[in-house]
Amino acid sequence: MSPTLAQNTVDAKDILAKINRKESVTYQNATITGDLDLTNLANRREVKEGSWRGESREYLSTVEAPVSFKNCTFKGKFLAYRTDASDERKLFSRSNTVYNADFNEAVTIENCTFDDDATFKYSHFRQRAIFTGNTFRETGLFKYAQFANAADFSGSNFKGYADFKYTKFNESSAFQKAEFGRYADFKYTKFDERVDFSQARFNGPADFKYTHLPRGTRFDDARFSGSTDFKYTTLDGRKFSPNAR
């Protein structure tokens, strides 16, 4: 399918309709209005049933076609994860309902702006995932996500909380020239193949505690302006602390 080239406004509901028809999604220079909620697709199924003990119910949707956004602005939330539990309910009960989305085909999001939260918690990316040159104005949530193929966040700017805690990268990954404006959380993150943080800028706290880094990892000219925690971090199985400026 040919991409939408002219500057235009697209309703998130129209994109969801394409995904439900298993059509490739390709947009350029578009403003996406409304929440792009991938957790409520037509193929959504229950994968874990709650119980009287307070366990969560979990539902999973699957994006079954390639997704590509270039030079786009997302005015609403980009949701591959959400929960029904309100803050008030969490105070009194451990039970909630969790909705997730997985991606079976390639994901390409380049030079885009997320004006609101972008949530990919628990998402599985089975093909390559390109997130280069993006601006995350609010939370970028990739906690517990799993990348089965190459992942690239080079040149992206995380102005809010960048959460990669417990994330697993099976293949090579890159955060070259990425900028983290607030908290960069890579605690317990596991990189099975080389990761490149060359020229990355950490302007707030950077947490790499317990992070597993493989041989070939690079922090060339990475700069840390805030506090850092590399306690128990390993590089190729050995204790690691970067000599970064």
Contour minus end-to-end for GLU193 and ASN40, with contour as 0.36 nm per residue of separation and end-to-end as the Cα-Cα distance? 51.8 nm
For the pairs LYS22/LYS143; LYS121/LYS187; LYS159/LYS187; LYS159/LYS231, note any where the Cα-Cα span goes beyond 22 Å. LYS22/LYS143; LYS159/LYS231
If you work out semi-axes √(5λ) of the Cα gyration tensor in Å from the coordinates, which of (1) 29, 23, 17; (2) 39, 20, 16; (3) 48, 25, 14 do you get? (1)
Probe 1.4 Å - accessible area at ILE15, Å² to nearest ten: 0 Å²
So, taking all protein chains as they sit and a 1.4 Å probe, how much accessible area belongs to ARG126, in Å² rounded to tens? 100 Å²
When the helices in the chain are scored as -39500 (n - 2.57) per DSSP H run of 4 or longer and the sum is shared across all residues, what 222 nm value do you end up with, to the nearest 500 deg cm²/dmol? -1500 deg cm²/dmol
Once you have a ≥ b ≥ c as the square roots of the Cα gyration tensor eigenvalues for region 102-245, tell me rounded if a/c is under 1.5, and otherwise prolate or oblate according to whether a/b is larger than b/c. oblate
Taking θ = phi - 60°, what integer Hz values does the Karplus form 6.51 cos²θ - 1.76 cosθ + 1.60 yield along region 111-125, in sequence order, with x for Gly and Pro? 6, 10, 10, 9, 6, 10, 4, 10, 10, 10, 4, 6, 5, 9, 9
Average Cα contact separation per residue, the chain, under 8 Å, 6 or more apart, as relative contact order %: 11 percent
Read phi for every residue in region 143-155 and hand back ³J(HN,Hα) as whole Hz from Karplus 6.51 cos²θ - 1.76 cosθ + 1.60, θ = phi - 60°, with x for Gly and Pro. 4, 6, 5, 10, 10, 7, 10, 4, 10, 9, 10, 4, x
To make sure I understand the rule: partners must be aspartates and glutamates, Cα under 12 Å from the Cα of LYS70, and not fewer than 8 residues away in the same chain. Which ones qualify? GLU110
Three principal axis lengths of region 174-241 [C-alpha, angstrom, descending]: 29, 20, 15
Highest mean first, how do 197-204, 179-186 rank when packing is the count of other Cβ atoms within 10 Å averaged over residues? 179-186, 197-204
Could you work out how much longer the chain between ARG128 and ASP11 gets when fully extended? Use 0.36 nm per residue separation minus the Cα distance between them, nm to one decimal. 39.5 nm
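The values are calculated or read from the model by the stated rules, or taken from the named source; none is laboratory data. Please read these numbers as outputs of a predicted model, since none were measured by experiment. Backbone-built Cβ (ideal geometry, glycine too); neighbour counts: all protein chains shown. Areas reflect the complete protein model, heavy atoms only, side chains present, ligands, DNA and RNA absent. Shrake-Rupley method; radii C 1.70, N 1.55, O 1.52, S 1.80 Å.
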